[in-house]
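The following block contains the structure, expressed as structure tokens.
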There are 2 protein chains.
Amino acid sequence: MEQYEFDQAIALDRVDGGWSAVVPDGWDINGNANGGFVMALGASALRAASGRAHPLTVTAHYLAPVTTGSVLCTAEVVKQGKRFTTMTGSIRRGDRECIRLLGAFGDLDPEAEQTFIDGGPPDLPPIDGCVRRTPEGGTALVGLANRLNMWIHPDDAEALDDRPSGSGLTRGWFEFRDGRPMDTLALLLAADSFPPAVFNIPEVIRGWVPTVEYTVHVRGIPAPGPLRCIFQTRFVSGGVLHEDGEVWDSAGRLVAISRQYGLLAQS
Amino acid sequence: MEQYEFDQAIALDRVDGGWSAVVPDGWDINGNANGGFVMALGASALRAASGRAHPLTVTAHYLAPVTTGSVLCTAEVVKQGKRFTTMTGSIRRGDRECIRLLGAFGDLDPEAEQTFIDGGPPDLPPIDGCVRRTPEGGTALVGLANRLNMWIHPDDAEALDDRPSGSGLTRGWFEFRDGRPMDTLALLLAADSFPPAVFNIPEVIRGWVPTVEYTVHVRGIPAPGPLRCIFQTRFVSGGVLHEDGEVWDSAGRLVAISRQYGLLAQS
């Protein structure tokens, strides 16, 4: 049995046609497993089948919600290259495909040179000066907030009480509640765990934001300690939004960037 | 026969197992078809098979170069939904897969509300105050520059002569040489046609930047007239870069955002 909740939750068993997993309760928002969690689970199977150490760039299209219980993860090599292995796969529940994935897997050098970094980690108050995300509050029941400690910048935290800042930003600290160390699979989760940045835009309805597509570029192996995250939505039009994220580790290094294509909540 | 060069170049013939196309000369950089062109060709087949009008979010993984000559485009429905049809497919040359695609296709409302737009089109001098991209010059022979008119912001244009600005930016105007109207397929091309923004970062070698993954979100149907484009690279580390793009139409509306995961040129 794995030591940590996240590792238990994404544990895979080799079966005919793929890997089986059992999605436990508590990684959800209103009963549906969080999109970052679902990507991490699917990417875990792709990574296993690739024989590579890390997800490097992974794209997910969300087709149906993943609820608790048994799922089948599939994984197929698209191309085995020298530097990357390109993989595709899915998570299925019975006859229904819930997510389709496409990604490149490979190695990451922990000592990789930071050639050019325009910017830095978001300016956050210390954890005890931020607002802890709770399962209740806002428009949803966030089971995920029992598994993860998310500490939100006080300037961004009132969106859940329907007082948007106007900035289109969500910034905060991220760590596992049970102290699980950060790794590259955790980055896929972290970049889709915070309240949607669009909640800090006054013109929109604050409700469920269905993700159509979510892509994460993993740029480094995170150092131990909490992550500093910033998410921004700049363009909302035609009922569609994007959210761009940056994830920085405790050593101040950029470890992931993310982007998603989502739908605005409907009244 | 199609009237315009781009439509001729991405014309498809239904065959067993997919669509055949003939990639003509002149959409290349150093003999390899441009990544944006290749995405547009593949997305054209996905779009045809989806029965939908527009690409909405498309991701491509580049596996092998596409050179001139016959290719086979494949397309498969992942999920036919109410609002979207999720598609996957590939471009193959003989036994070799050159690109794998995953995307969502659907409708776009030309009158879609611009709910929240933080920013605006890049501030560009008029076309006659910009620097026209030519096939020769810089580190590559850019056949593409015979098909497209790309007019680069003078502050960003000297990168090709090995004088990077330091900004990590490439900004410019985009239009078809033969006056082909803009549409959503053209946006997939436009967002990967300019010289890499990383060429305006002093620390890097200016040479071929292989794209591993490229994703475009199409956010609107472009109005007639040249596009205004801005591309930025902020993070270069471990031999990897991203490039983020925005494409704005002549009416000043955001019509696409793009991101790619690329590799730094090697010395």
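Out of (1) in contact with an Asp or Glu (Cβ under 8 Å, 6 or more places away or on another chain); (2) of a type in the set (S, T, N, Q); (3) loosely packed, with under 15 Cβ neighbours inside 10 Å, what's the single condition that is false for A:THR134?
Condition not satisfied by A:THR134: (1).
Do you know which residues across segment B:199-215 are facing chain A (nearest Cβ under 8 Å) and closer than 21 Å to A:GLN260 by Cα?
B:VAL212, B:GLU213, B:THR215
Could you figure out which of (1) of a type in the set (Val, Ile, Thr); (2) in contact with a Gly (Cβ under 8 Å, 6 or more places away or on another chain); (3) buried (at least 22 other Cβ atoms within 10 Å of the Cβ); (4) more than 24 Å from B:LEU63 (Cβ to Cβ) isn't true of A:VAL71?
(2)
Can I ask one more? Condition test on A:ASP162, is it more than 20 Å from B:THR59 (Cα to Cα) and of a type in the set (D, E, K, R)?
Taking the combined requirement at face value, the residue satisfies it.
Look through segment A:216-244, keep the residues that are in contact (Cβ under 8 Å) with a residue 12 or more places away in the chain, surrounded by fewer than 24 Cβ atoms within 10 Å (Cβ to Cβ) and within 12 Å of chain B (Cβ to nearest Cβ), and return whichever of them is farthest from B:ILE117 (Cα to Cα).
A:ILE221
Scan segment A:148-163 for residues that are part of a loop (DSSP other than H, G, I, E, B) and at pLDDT 95 or above and report the count.
Number of matching residues: 4.
Which of (1) surrounded by fewer than 19 Cβ atoms within 10 Å (Cβ to Cβ); (2) modelled with pLDDT under 95; (3) within 18 Å of the chain's Cα centre (by Cα) is the odd one out, the single condition A:PRO202 does not satisfy?
Here A:PRO202 meets the rest and fails (3).
Identify the residue in segment B:83-103 that is more than 8 Å from chain A (Cβ to nearest Cβ) and hydroxyl-bearing (Ser, Thr, Tyr) and, among all such residues, is farthest from the chain's Cα centre (by Cα).
Here the residue is B:THR85.
Across segment B:93-104, which residue is surrounded by the fewest Cβ atoms within 10 Å (Cβ to Cβ) among those that are free of Cβ contacts under 8 Å to residues at least 60 places away in the same chain and in a strand (DSSP E or B)?
If we take residues in segment B:93-104 being free of Cβ contacts under 8 Å to residues at least 60 places away in the same chain and in a strand (DSSP E or B), then B:ARG96 is surrounded by the fewest Cβ atoms within 10 Å (Cβ to Cβ).
State whether one or more residues within segment B:30-51 are at negative phi, surrounded by fewer than 17 Cβ atoms within 10 Å (Cβ to Cβ) and of a type in the set (Lys, Arg).
no
Which of (1) more than 8 Å from every other protein chain (Cβ to nearest Cβ); (2) under 30 Å from B:SER250 (Cα atoms) is the odd one out, the single condition B:VAL77 does not satisfy?
Result: B:VAL77 fails condition (2) only.
Considering only segment B:112-144, state which residues are facing chain A (nearest Cβ under 9 Å) and of a type in the set (D, E, K, R).
Residues satisfying the conditions are B:GLU113, B:ASP118.
Also, I was wondering about something else. Hey, among B:ALA197, B:ALA186, B:ALA265, which residue is buried (at least 22 other Cβ atoms within 10 Å of the Cβ), in contact (Cβ under 8 Å) with a residue 60 or more places away in the chain and among the aliphatic types (A, V, I, L, M)?
Selected residue: B:ALA186, the only one of B:ALA197, B:ALA186, B:ALA265 that is buried (at least 22 other Cβ atoms within 10 Å of the Cβ), in contact (Cβ under 8 Å) with a residue 60 or more places away in the chain and among the aliphatic types (A, V, I, L, M).
The values are calculated or read from the model by the stated rules, or taken from the named source; none is laboratory data. Note that the coordinates shown come from a computational prediction; the quantities given were computed from them, not determined experimentally. Don't worry about glycine lacking a Cβ; one is built from the backbone with ideal geometry, like all the others, and counts go over all protein chains shown.
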